[in-house]
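The values are calculated or read from the model by the stated rules, or taken from the named source; none is laboratory data. Predicted model, so just to flag it, every value in this text is computed and none were measured. Note: ideal-geometry Cβ built from the backbone for every residue, glycine included; neighbour counts use all protein chains shown. Only protein heavy atoms, including side chains, enter the accessible area calculation; ligands, DNA and RNA are left aside. Shrake-Rupley method; radii C 1.70, N 1.55, O 1.52, S 1.80 Å.
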Amino acid sequence: MPTSTATGRPGNPAADPSAPILLELVDETGTTIGTAEKLSAHQAPGRLHRAFSVFLFDDEGRLLLQRRALGKYHSPGVWSNTCCGHPYPGEPPFVAAARRTAEELGAPPALLREAGTVRYNHPDPASGLVEQEYNHLFVGLVREQLRPDPGEIGETAFVTSVDLEELRETGPFSAWFPTVLEAALPGIRELTVDAGW
């Protein structure tokens, strides 16, 4: 399982780090009901908000995983899916997923398509924060060379389904990873066909 350390481009210099990041609060049907500051939405017991999770594959059907940077305030140093995050209020989830994937990986998806939604509530024992999310799932392909943002990603790896099972036995994964992976599997299998997912 080849891995690589993130040594690519820095984060977006145009972003104002002092500006609060707002998330879109939703009801159980995914209808927007307001906004909340990012950290407050994740403090226990958590407030249900819109999120997205992306699963990108190479042309051999291997899944691109990322290990979250150690400096992340939430779930640092754990393996997770290719990209996950939150749309800005009013931003379509598809647009947010494509934008954030390109920002974090330094490479835009070559293909991106919707793969359903999943709602979950996952506390993070290490930080005490809670992922209370209505999550939009996306699957796709990546073909460009990766240039990960080291402030977001510590390491990347392309894995087969067998590699993934071995890694899950030894490495820590994000609390939400099993849930989003299971929910995205129909879309993953449709995309990768004979890759064993």
May I ask you to list pairs of residues, at least six apart or on different chains, whose Cβ atoms are under 9 Å apart, with the first in the stretch 25-40 being over 22 Å from P123 (Cβ atoms) and the second being open to solvent by 50 Å² or more (accessible area, probe 1.4 Å) and of a type in the set (G, A, S)?
-> T32/G90
Would you point out which residue out of L112, L105, L64 is farther than 18 Å from I188 by Cα, touching a Ser or Thr at 6+ places or on another chain (Cβ under 9 Å) and of a type in the set (A, V, I, L, M)?
-> L105
Starting from the stretch 161-174, take each residue that is farther than 22 Å from P125 by Cα and list its partners that are part of a loop (DSSP other than H, G, I, E, B), counting only C-beta distances under 8 angstrom and pairs at least six apart or across chains.
-> S161/A195; S161/G196; S161/W197; V162/G196; D163/M1; D163/R62; E166/M1
Here the qualifying pairs (Cβ atoms under 9 Å; residues six or more apart or on different chains; first in the stretch 68-79 and on the phi > 0 side of the Ramachandran plot; second among the aromatic types (F, W, Y) and at pLDDT below 90) come out as none
Output the strands (runs of 3 or more DSSP E) that fall wholly within the stretch 10-110 and possess 2 or more residues being buried (at least 16 other Cβ atoms within 10 Å of the Cβ) and touching a His at 6+ places or on another chain (Cβ under 6 Å), or say none.
-> 22-26, 49-57
Can you name the number of the only condition in (1) free of Cβ contacts under 8 Å to residues at least 12 places away in the same chain; (2) under 13 Å from the mean Cα position of the chain (by Cα) that P92 fails?
-> (2)
Does the stretch 118-132 contain at least one residue that is within 22 Å of D59 (Cα to Cα) and hydrophobic (A, V, I, L, M, F, W, C)?
-> no
Could you list all residues from the stretch 171-195 that are of a type in the set (S, T, Y) and more than 23 Å from K72 (Cβ to Cβ)?
-> T192
Is at least one residue of the stretch 126-145 of a type in the set (A, V, I, L, M), within 24 Å of E28 (Cα to Cα) and modelled with pLDDT of 95 or more?
-> yes
Selection count, the stretch 114-167, where residues are part of a loop (DSSP other than H, G, I, E, B) and either open to solvent by 40 Å² or more (accessible area, probe 1.4 Å) or closer than 14 Å to P178 by Cα (or both) | 12
